[in-house]
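As structure tokens, the structure follows; a few thoughts come after it.
None of the figures in this text is laboratory data; all of them are computed from the coordinates on show. Everything numeric here is computed off the predicted structure, so don't read it as measured data. Here the Cβ positions follow ideal geometry from the backbone for every residue, glycine too, while neighbour counts run over all protein chains shown.
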Amino acid sequence: MNRCVIIAGGEINDYGKLKQVISPDDYVICADSGLVHADNMGIQPDLIIGDFDSYKGDISSIEKIVLPEKKDDTDTHYAAKYAADMGFWNVLLCGVWGSRPDHSLAAVCTLKFLCDKNIKAQILADKFSMWMVNRSFEIAKQEGRYISILAYGGDALGVTLEGFEYPLSDAVVSCVHPIGISNRIISNVAKISVRQGCLLVISVDDRL
């Protein structure tokens with residue numbers, strides 16, 4: 001199946017950058033007020049999901065799943081579960097980071113949820129990207145970017161980093177000792193692998 005793009009209602013300041021990333025072939029889900037971002041980009045979503053407590057526009061002509069206001073899942077997580085149930089193997093999460101740290105960290109949990117289902121998933125923000133890795137992952141060289149690698153949900157065992165300024169070989173990355181901050185890619189393509197556990201991989205603008 002094509003990629004699923006989930007647009008949530010967090011911060012998106014660079015609409016031009018995001019529009020370049022979203023393809024006409026993508027299946028776009030707006031999580032509640034993510035529809036505001038879609039409106040601002042001139043994107044017609046395929047589906048909107050939420051309790052619509054934070055969007056006041058007209059949604060009568062759009063396919064929708066209306067959720068109760070009181071529920072266990074965030075709108076974004078429900079959208080991710082829907083994407084997984086629909087069989088998407090590639091999910092892009094946008095607008096999931098912002099001034100609410102609880103919602104931002106919940107988005108990382110959603111990233112882990114997708115990773116556990118062997119779905120390729122990415123959080124894309126204005127100045128950084130995140131991936132969750134539980135086996136192997138390749139990333140192209142990115143000028144002006146730091147690559148930071150953190151153990152998530154416990155220690156990560158058998159971690160190997162190839163093509164980095166600071167490589168590792170079959171190492172243990174502790175979840176309480178963040179040794180993987182501010183690395184750089186020095187080859188055209190770098191490889192990250194982990195034998196057991198999960199790694200949160202963050203690509204961030206080095207001007208921050």
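For Lys117, list the lysines whose Cα falls under 16 Å from its own Cα; do not include residues on the same chain fewer than 8 positions away.
Once the sequence-local lysines are set aside, what remains near Lys117 is Lys81.
Run lengths n ≥ 4 of DSSP H only: what is the helix-derived mean residue ellipticity at 222 nm for the chain, with -39500 (n - 2.57) per run over all residues, to the nearest 500? The partial results should precede the final answer.
Working: 4 runs with 42 residues, N = 208.
-6000 deg cm²/dmol, from helical runs alone.
Just the projected area, averaged over all directions, of the convex hull on the alpha carbon atoms of region 4-126: how many nm²?
Mean shadow area of the hull around the Cα atoms is 7.1 nm².
When only DSSP loop residues count, what GluC sites (Glu not before Pro) in region 126-206 have their Cβ near at most 14 other Cβ atoms within 10 Å?
Sparse-neighbourhood loop GluC sites (Glu not before Pro): Glu143, Glu165.
On a C-alpha basis, how far is the centre of region 33-105 from the centre of region 134-208 in Å? Whole number, if you could?
Between the Cα centre of region 33-105 and that of region 134-208, the gap is 30 Å.
So how strong a dipole does the chain carry about its Cα centre when Lys and Arg Cβ are +1 and Asp and Glu Cβ are -1, to the nearest 20 debye?
That gives the chain a dipole magnitude of about 520 debye.
How large is the Rg to Rh ratio of region 133-205 when both quantities use alpha carbon positions and Rh follows Kirkwood?
That ratio is 0.93, to two decimals.
At a 10 Å Cβ-Cβ cut-off, how would you order Ile202, Ile181, Ile12, fewest neighbours first?
Ile181, Ile202, Ile12
Which angle between 0 and 90 degrees, to the nearest 10, do you get for helix 101-116 versus the longest principal axis of the chain when only C-alpha atoms count?
70 degrees
Listing Leu18, Leu47 from the residue with the fewest other Cβ atoms within 10 Å to the one with the most, what is the order?
The order, fewest Cβ neighbours first, is Leu47, Leu18.
Based on the alpha-carbon gyration tensor of the chain, what equivalent-ellipsoid semi-axes (square roots of 5 times the eigenvalues) come out, in whole Å, largest first?
Taking √(5λ) for each Cα gyration eigenvalue gives 32, 18, 15 Å.
Among bridges DSSP assigns within region 1-141, what percent are antiparallel (round to 5)?
Antiparallel bridges: around 15 percent, rounded to the nearest 5.
Please state the charge dipole magnitude for region 133-205, taken about the Cα centre, from unit charges on C-beta atoms (+1 on K and R, -1 on D and E), reported in debye and rounded to the nearest 20.
Magnitude of the dipole: close to 100 debye.
How do Lys117, Lys19 line up, fewest other C-beta atoms within 10 Å first?
Neighbour counts put them in this order, fewest first: Lys19, Lys117.
As I understand it, the dipole of region 4-126 uses +1 on the Cβ of Lys and Arg and -1 on the Cβ of Asp and Glu, about the Cα centre. Which of Ser99, Gly34, Pro68 lies farthest toward its positive end?
Value: Ser99.
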